[in-house]
Amino acid sequence: MTTGAPTSSYQARPARPRRSRTRRYLPLGIAVWLVLEIWLLTLVGRAAGGLTVILLLVAGLVLGSMVVKRAGRRAFRNLSETLGARSSVPEPSSGGNGLMMLGGLLLMLPGLLSDAVGLLLLLPPVQRTVSRRAERTLDRKLREAPYGSFGDAFRQARIHRPDGKVVQGEVIRDEPGDTPREPRRPLTP
């Protein structure tokens, strides 16, 4: 004789959160990119020879490493100047060091398509356009973010107990003149 609620073999699984469009199509995009790279390398290899392909890949590697080195030095110099001036708010760099480094990394990757995109990212008009668009997209995503702003992410606290359990909470700072707010859900991925 059994007591309690009847058991069933079916257990309802919690609904998985919906994957974003980027996470869904990124692997497919990478696979298509790799196939295009290999196809272009074989086309150039047939037309100009294998030695030409190897020289192109080595030239891309050398040029890319020089670009990354130069952009890194420029970023370090800008950081040193900013810290030397003891400015409270660093000015945004108009040099596009991040995009320059990305262009150099794309040049270092073996492939002709990545070399073309890397060379495009080295052009100042393209850097300005890409950085403006990325900034607008980031601003829009931050405005659409539910349950608070980006700054609220830094108020999250995780307490690691000795038994290995993680207790998630929110740090609340009461300041004079603040009106009490309703508690928010923790930011979880």
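One table, with the values for the structure above:
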quantity: Per-residue ³J(HN,Hα) for the stretch 47-52, Karplus 6.51 cos²θ - 1.76 cosθ + 1.60, θ = phi - 60°, Hz, x for Gly and Pro; calculated: 7, 10, x, x, 5, 5
quantity: Label-point separation in nm, Arg21 to Arg143, each point 7 Å along Cα→Cβ; calculated: 1.8 nm
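Every number in this text was worked out from the coordinates using simple rules, so none of it is lab data. Worth saying up front: this structure is predicted, and the values here are computed from it rather than measured. Cβ: placed from backbone, ideal geometry, glycine included. Neighbour counts: every protein chain shown.
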